[in-house]
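Engineer: My questions all concern the structure below.
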């Protein structure tokens with residue numbers, strides 16, 4: 001794949017737990033690990049009803065250059081969109097990494 005196909009800048013976020021300075025409770029948040037070039041490819045979209053609300057789910061494959069540290073607990077951020085990583089696939093001999101992702105939003 002030519003490098004020009006990686007035409008979107010995305011952030012790779014890892015979950016972290018921090019302590020609230022006012023109340024001392026633990027708060028789950030996200031920390032940006034890296035900003036990388038990527039190719040986004042929509043695979044499938046579906047719609048369902050949950051608690052009397054329509055929910056749109058999109059399955060997306062995001063291709064990035066190979067990184068050994070990406071975990072399925074991470075997420076990908078592209079602009080205002082957030083994608084939950086559901087799995088990773090190595091492409092070639094550590095050339096690229098396919099991130100199998102899911103985006104869920106209220107319709």
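The values are calculated or read from the model by the stated rules, or taken from the named source; none is laboratory data. Here the structure is a predicted model, which is why all the values come from computation and not from measurement. When we count neighbours, we look across all protein chains shown, and the Cβ atoms used for this are built from the backbone with ideal geometry, even at glycine.
Engineer: Evaluate the following for residue 55: is it in a strand (DSSP E or B) and closer than 20 Å to residue 6 by Cα?
Structural biologist: Criteria not met by residue 55.
Engineer: Can you find a residue in region 29-39 that is under 22 Å from residue 94 (Cβ atoms), modelled with pLDDT of 95 or more, surrounded by 14 or more Cβ atoms within 10 Å (Cβ to Cβ) and in contact with a helix residue (DSSP H, G or I) (Cβ under 6 Å, 6 or more places away or on another chain)?
Structural biologist: Yes, that holds for at least one residue.
Yes/no per residue for (1) assigned to a strand (DSSP E or B); (2) within 14 Å of the chain's Cα centre (by Cα); (3) within 11 Å of residue 102 (Cβ to Cβ):
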{"site": "37", "(1), (2), (3)": "yes, yes, no"}
{"site": "40", "(1), (2), (3)": "yes, yes, no"}
{"site": "44", "(1), (2), (3)": "yes, no, yes"}
{"site": "71", "(1), (2), (3)": "no, yes, no"}
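Engineer: What is the number of the single condition among (1) over 18 Å from residue 15 (Cα atoms); (2) modelled with pLDDT under 95; (3) surrounded by 11 or more Cβ atoms within 10 Å (Cβ to Cβ) that residue 81 does not meet?
Structural biologist: Just one mismatch for residue 81, condition (1).
Engineer: If you go through region 3-17 one residue at a time, do you hit one that is under 20 Å from residue 88 (Cα atoms), surrounded by 12 or more Cβ atoms within 10 Å (Cβ to Cβ) and touching a helix residue (DSSP H, G or I) at 6+ places or on another chain (Cβ under 6 Å)?
Structural biologist: No, region 3-17 contains no residue that is under 20 Å from residue 88 (Cα atoms), surrounded by 12 or more Cβ atoms within 10 Å (Cβ to Cβ) and touching a helix residue (DSSP H, G or I) at 6+ places or on another chain (Cβ under 6 Å).
Engineer: Identify, please: which residue in region 46-69 is closer than 24 Å to residue 96 by Cβ and loosely packed, with under 13 Cβ neighbours inside 10 Å and is, among those, nearest to the chain's Cα centre (by Cα)?
Structural biologist: By that ranking, first place goes to 69.
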